[in-house]
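Novice: Input: one structure, supplied below.
The values are calculated or read from the model by the stated rules, or taken from the named source; none is laboratory data. Just so it is clear, the model here is predicted, and its values are computed rather than measured. Reconstructed Cβ throughout: ideal geometry from the backbone, glycine too, with neighbour counts over all protein chains shown.
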Amino acid sequence: MIQPIDYFLVVWFTLAIASTVYVAWDQYRNNPEPTVMKWGFILVTLYMGPFGLLLYVLADKEPRPGEHEQFVKPLWKQGVGSTIHCVAGDATGIILAAAITATLGLPMWIDLIVEYLSGFAFGLFIFQSLFMKSMMGGTYAQNVRKTFIPELISMNFMMGGMAPVMSLLMMSRDMRAMLPTELLFWGVMSLGVIAGFALAYPANMWMVQRGLKHGLMTQRRSHGNDSHHGGKHQQHGMEPDATGPQIAAVTIVSAFALGVGMVAPANWVNLRLSAREVGGAIMAQGMITDRDTPAAAMLDMAAVDPRDVVAKYDLSSRGARVLAARVENGVKVFDLETSVIRWTILPGVTVDGYAFNGQIPGPTLRFRQGERIRINVRNHLPESTTVHWHGLILPNVMDGAAHVTQDPIQKGGIYHYEFTPVQYGTYLYHSHDHVDRQQALGLYGALIIDPAARDPSVEANYDYAVLLQEWLKREGLTFPAMPMDGGQPNFFTINGRAYPATDTIFMRAGETLKVRFIGSNNGFIHPMHIHGGPFEVVAVDGQTLQPSARYQADTINVGPGQRFDVIWPARRPGRWLLHCHIGHHMTNNNVETRGGGGLMMVINVAPR
Ligand SMILES: [Cu+2]
C-alpha cells in the first residue's frame, strides 16, 4: 500500500469478489439458464466487479419465477448475453497469457500478440465450440467452423479495447502494473476487460440480431412442471440472415479496431520493454518516458521503492557524524555499509534515500595525511555500487570507478579500499556506480584530511562542513533529483536537513568560522552566500591557497564536486544567514517557512 490507488484497488476487488459470490449463488440457486452462461456471468463479474453484477441483475437474473424467457427477450439483453459469453472466454485467455508472459520477460509487443492468440483460442475452442456444443448441435469441428467468424469479430473488438488499456497503463508512470504479483496488474486487467466489453458489445448485439450468435437462453430442469415450458429445452437453432458484404464489412472494421488498439499505444510508450526490465518502477509526474526511453533510463529515474526501506530515522538522528576508526596492524579501518532508509529532512517531511551507515550525508571520515587507511564497503542496496574518493591521489584500483577500475559491488558484496593519503584538506566520497541516481539519493560523505603539519593561517575557532543536496519528493515517493524534465528538485538540504531544521552555529563576535563548502550534490550549482560581510577563500578543491592567492568574497558558486574552505569573521553580534542565493533553493516545496527553507542556516553571533 504505497499509493492511493492501492486502497481503491482493495475496495474494488472486495466488491468484485462479493459481487461474484452473489452472482454464483444466485445463478445456481435461482437462474434457469445453461451452465455455460452461468459460468460466463460468474467469470465476467470476477473481471468487471460491480459492473458484472449490474449487467447480471438488469439483463439476466430472473426477476420472478417463470419470467426468465420473457425477461431476456429484448435485443439489448441478448447482446449482453452474447458479449458476456465472448468476454468470459476471451478475457480468461488474455489474462492467463498476460500473467504468464509477464513472468517470462518477453517484450510487451510479443505479450500482446500471445494474449490475442490465447484469448481467441480460449474463446473459439473452449467457450464457443466446446461449451456451446450441446446448445448448437453438430460436431465439435462443425462448431469451430461455424463460430470462427463471429468469434473473430468479437475477439477483435475485445482486444481492440483491452490492448490500449493494458499498454498505456502498464507502461505508464506506475509500472507495478506489469507485475502479476501486484494488485495494480489485476486492476488494469479489470479495466481492460470493461473497455473490451464496451467495444465488443455493439457488434455482438448485431450478430445476435442477425442470428450469427447466441444471446441469453433459458434452460429449465427436465423434471417436474415448475415452468410453462414443462421441462423442454428451448429451440436454439439459428438461421443467420446476414449477407456476405455485411459480415465482411463488420469483420474489416473489427480488424481495424484491433490494429489500432494493438499498434497505436506504441506511439506513446515503449512496447519493446518487458515486465522483467521495468516491472515495479514508478516514475515521477512530468518525467518524460516515451516510446524511445530505454529500461535503464526508467530505472535510473524511478522512485525509491518504499518497500526497500530497512530503517527510519527522525530529526534526532544526524548525518555526517564523524566515524570512529579501529586500528588493525597499524592501519586505520573504517566500515561503511549502504542501505535504503527513510530520512527526516524537516518536521513531518521524510525522504526515502540511499545511505552510508544509516545517515545522510554518510559519516564524515576524518584522518591524517600520511596515515594508512582501509575502508570496507558493504552493499545492501537493491543495485550494485562503488565508492570513489574524490580528489585523492591513490592507486588506480582504489579509485572506485565502476566498470573502469573495478567490478561494481553487487548487492550483499563487499570491497576493501586501502590507500595512504598524501594530500590534506577538504574532500568527499560518493557512489561512482549509477551515480545519476545513487548520489542524488544520498550516497556521499565528507573526507576531512588533517595536515601532517598544522597551518594556523587556515584554522578558525569553529570548523563546519556544508554538504549540499537536492531532493525530489512527490506523492509520497522520493525520486533522484536531476536537471531533467520531471526530475527538478523541490527540497534542498544542508547536511541532510532543510531550513528551519538545519543546524544553527553559535559563536561570539570576534571569533572566526571555517566553512567547508562541499558540492556533494550532483545536478545543480549553488551560489553560497554568507551575510554580515565577506569571507576569505583559503582553499579550493582541498588545495590550500598561497596567502597571496587567497581572496575576499561573499558569494561563491559551489558546483558538483567542488570544495571551498572559507574563513568568515563574526564581525557583529546577531543572527547572520548562510544560504544559497537561488531563491527556489531557499524554499521547501516552494514554501517559505520562518523566512526561508532548503539551503539556509543561521550563524548566531553573541556579543563578545
Ligand atoms: Cu542553490
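Novice: Please verify whether region 105-113 includes one or more residues that are at negative phi and of a type in the set (G, A, S).
Specialist: no
Novice: Give region 549-595 a look and list any residue that's hydroxyl-bearing (S, T, Y) and farther than 16 Å from V515 by Cα, or say none.
Specialist: First, the residues of region 549-595 that are hydroxyl-bearing (S, T, Y): 551, 555, 587, 593.
Listed by number, the residues that qualify are T587, T593.
Novice: Would it be correct to say that K232 is farther than 19 Å from H68 by Cβ and modelled with pLDDT under 95?
Specialist: Values: farther than 19 Å from H68 by Cβ: no; modelled with pLDDT under 95: yes.
Taking the combined requirement at face value, the residue does not satisfy it.
Novice: Here's something else I'd like to know. Looking at (1) assigned to a strand (DSSP E or B); (2) within 16 Å of the ligand (Cβ to nearest atom), find the lone condition where L447 falls short.
Specialist: Failed condition: (2).
Novice: May I pose another question? Name the one entry in T364, T293, T338, T344 that is of a type in the set (S, T, Y) and under 30 Å from V188 (Cβ atoms). Show your work before the answer.
Specialist: Details: T364 fails: under 30 Å from V188 (Cβ atoms); T338 fails: under 30 Å from V188 (Cβ atoms); T344 fails: under 30 Å from V188 (Cβ atoms).
Of T364, T293, T338, T344, the one residue that is of a type in the set (S, T, Y) and under 30 Å from V188 (Cβ atoms) is T293.
Novice: Taking region 105-134 as the region of interest, how many residues are modelled with pLDDT under 90 and in a helix (DSSP H, G or I)?
Specialist: Of the residues in region 105-134, 9 are modelled with pLDDT under 90 and in a helix (DSSP H, G or I).
Novice: Out of the strands (runs of 3 or more DSSP E) lying entirely within region 553-608, which hold 1 or more residues that are more than 16 Å from the ligand (Cβ to nearest atom) and crowded, with 17+ Cβ neighbours inside 10 Å?
Specialist: Per the criteria, 563-569, 574-580, 600-606.
Novice: Criterion first (of a type in the set (S, T, Y), under 24 Å from P489 (Cα atoms), in a strand (DSSP E or B) and modelled with pLDDT of 95 or more) does Y417 satisfy it?
Specialist: It is false that Y417 is of a type in the set (S, T, Y), under 24 Å from P489 (Cα atoms), in a strand (DSSP E or B) and modelled with pLDDT of 95 or more.
Novice: Is it true that some residue in region 474-497 is surrounded by fewer than 17 Cβ atoms within 10 Å (Cβ to Cβ), touching a residue at least 40 places away in the same chain (Cβ under 8 Å), away from the ligand (no atom under 12 Å from the Cβ) and more than 29 Å from the chain's Cα centre (by Cα)?
Specialist: No.
Novice: Let me ask something else about it. Kindly check whether there is at least one residue in region 64-86 that is within 40 Å of the chain's Cα centre (by Cα) and surrounded by fewer than 17 Cβ atoms within 10 Å (Cβ to Cβ).
Specialist: No, there is no match, as no residue in region 64-86 is within 40 Å of the chain's Cα centre (by Cα) and surrounded by fewer than 17 Cβ atoms within 10 Å (Cβ to Cβ).
Novice: Let me ask something else about it. Taking the options T386, T364, name whichever one is under 26 Å from the mean Cα position of the chain (by Cα) and among the polar types (S, T, N, Q).
Specialist: T386
Novice: What are the pairs with Cβ atoms under 8 angstrom where one residue, in region 583-599, is basic (K, R) and the other, located anywhere, is more than 8 Å from the ligand (Cβ to nearest atom) and not in a helix (DSSP H, G or I)? Sequence gap at least six, or different chains.
Specialist: Sorted first by the residue in region 583-599, then by its partner, the pairs are R594/Y499; R594/P500.
Novice: To continue, here is another question. Looking at (1) within 20 Å of G519 (Cα to Cα); (2) surrounded by fewer than 19 Cβ atoms within 10 Å (Cβ to Cβ), find the lone condition where L365 falls short.
Specialist: For L365, the exception is condition (2).
Novice: Run down G519, G523 and say which single residue is closer than 18 Å to H581 by Cβ, modelled with pLDDT under 95 and either more than 34 Å from the chain's Cα centre (by Cα) or within 12 Å of the ligand (Cβ to nearest atom) (or both).
Specialist: G523
Novice: Go through the residues of region 455-464 one by one and say whether even a single one is in contact with a Gly (Cβ under 7 Å, 6 or more places away or on another chain) and modelled with pLDDT of 95 or more.
Specialist: Our first condition is that a residue be in contact with a Gly (Cβ under 7 Å, 6 or more places away or on another chain); within region 455-464, this holds for none.
No: region 455-464 contains no residue that is in contact with a Gly (Cβ under 7 Å, 6 or more places away or on another chain) and modelled with pLDDT of 95 or more.
Novice: If you don't mind, another one. So the check is Cβ under 8 Å with 6+ separation or different chains; which pairs have a first residue in region 260-277 that's more than 16 Å from I113 (Cα to Cα) and in contact (Cβ under 8 Å) with a residue 40 or more places away in the chain and a second one that's of a type outside the set (S, T, N, Q) and assigned to a loop (DSSP other than H, G, I, E, B)?
Specialist: Final answer for the pair search is W268/D290; W268/R291; V269/M171; V269/D290; V269/R291; R276/G105; E277/G105.
Novice: If you take the residues in region 498-530 that are touching a residue at least 60 places away in the same chain (Cβ under 8 Å) and in contact with a Cys (Cβ under 7 Å, 6 or more places away or on another chain), which one is farthest from R342 (Cα to Cα)?
Specialist: M528
Novice: Go through (1) without any contact (Cβ under 8 Å) to a residue 12 or more places away in the chain; (2) crowded, with 22+ Cβ neighbours inside 10 Å one by one and return the number of the condition A549 breaks.
Specialist: For A549, the exception is condition (2).
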